[in-house]
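Worksheet: one structure, shown below.
None of the figures in this text is laboratory data; all of them are computed from the coordinates on show. Quantities reported herein were computed from a predicted structural model and do not represent experimental measurements. Every residue, glycine among them, receives a Cβ derived from its backbone with ideal geometry; neighbour counts consider all protein chains shown.
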Amino acid sequence: MIRTKMMTAVGVAGLLVGAADAQTVISNAPNGQTINFFGKPAAANQTFGQVFTAPITGTLTSFTLSLTGGVGELFGGVGTWNGGPTFATGFWSPTNLYQSANIASTGPQAFTFTPNVAVVAGQQYVAYLTTFGANLNPNASTTMVGGDALPDSYFVWKNAGDPHDGTQWGYTNRSLTFGNALFSASFSGAVPEPTTWALMIIGFGAMGAALRRQRRVSAKIRFA
């Protein structure tokens with residue numbers, strides 16, 4: 001019995017030892033275009049974002065969006081998205097998952113954030129920049145850097161107000177679509193390394209051998 005328990009512990013250890021964080025990145029390249037206009041309400045849209053589909057179940061560790069100029073101050077965020085994988089109307093971000101502190105926006109810049117929030121493979125989310133509640137330069141407006149196509153992803157915007165207040169975001173105007181922002185995101189998720197699989201096989205084999213020996217000993221005692 002003691003030996004069997006020891007072998008069980010070996011098998012469990014084989015399951016736990018050797019797991020590594022696999023890094024998965026989705027990104028596109030600049031397409032030479034910009035998306036107008038981001039910044040102060042009445043002069044521009046207050047929130048620009050990129051809807052993306054999580055490639056793995058794990059953690060969104062970082063994302064990056066880029067502007068061609070400064071607006072004074074902004075922050076980044078990530079939220080759930082209740083739309084589909086292609087363009088449509090009437091959808092928005094119901095739940096805020098991450099919001100950065102306000103940061104300075106003084107010129108052309110790539111903004112990288114580290115939300116470290118849980119995501120589920122196949123589910124859609126929106127990563128965004130917003131000036132909602134930030135201190136802006138007077139009549140500040142700029143453009144977002146556009147990017148090539150990404151699978152099940154697209155650019156979205158919100159004219160004004162809280163990004164998660166329940167009102168729909170825009171991402172199509174009849175036949176006109178804005179494609180994608182220049183966007184990259186990194187994800188991590190624990191996956192077994194080859195040594196882990198080897199330990200698992202050895203551990204389960206040892207457990208099976210121990211159980212077979214225990215049955216033989218019991219049989220000898222029973223019929224002695």
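First check a/c for the stretch 29-126, with a ≥ b ≥ c the square roots of the eigenvalues of its C-alpha gyration tensor; if it is under 1.5, answer rounded, and if not, answer prolate when a/b is larger than b/c or oblate otherwise.
Details: a/c = 1.71, a/b = 1.42, b/c = 1.21.
Prolate, since a/c reaches 1.5 and a/b exceeds b/c.
For T106 and A149, FRET efficiency with R0 = 41 Å and r from the beta-carbon atoms, rounded to 0.05?
Values: r = 31 Å, r/R0 = 0.75.
It comes out at approximately 0.85.
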T86 paired with V117, simple spin-label distance in nm, labels 7 Å along Cα-to-beta-carbon = 2.7
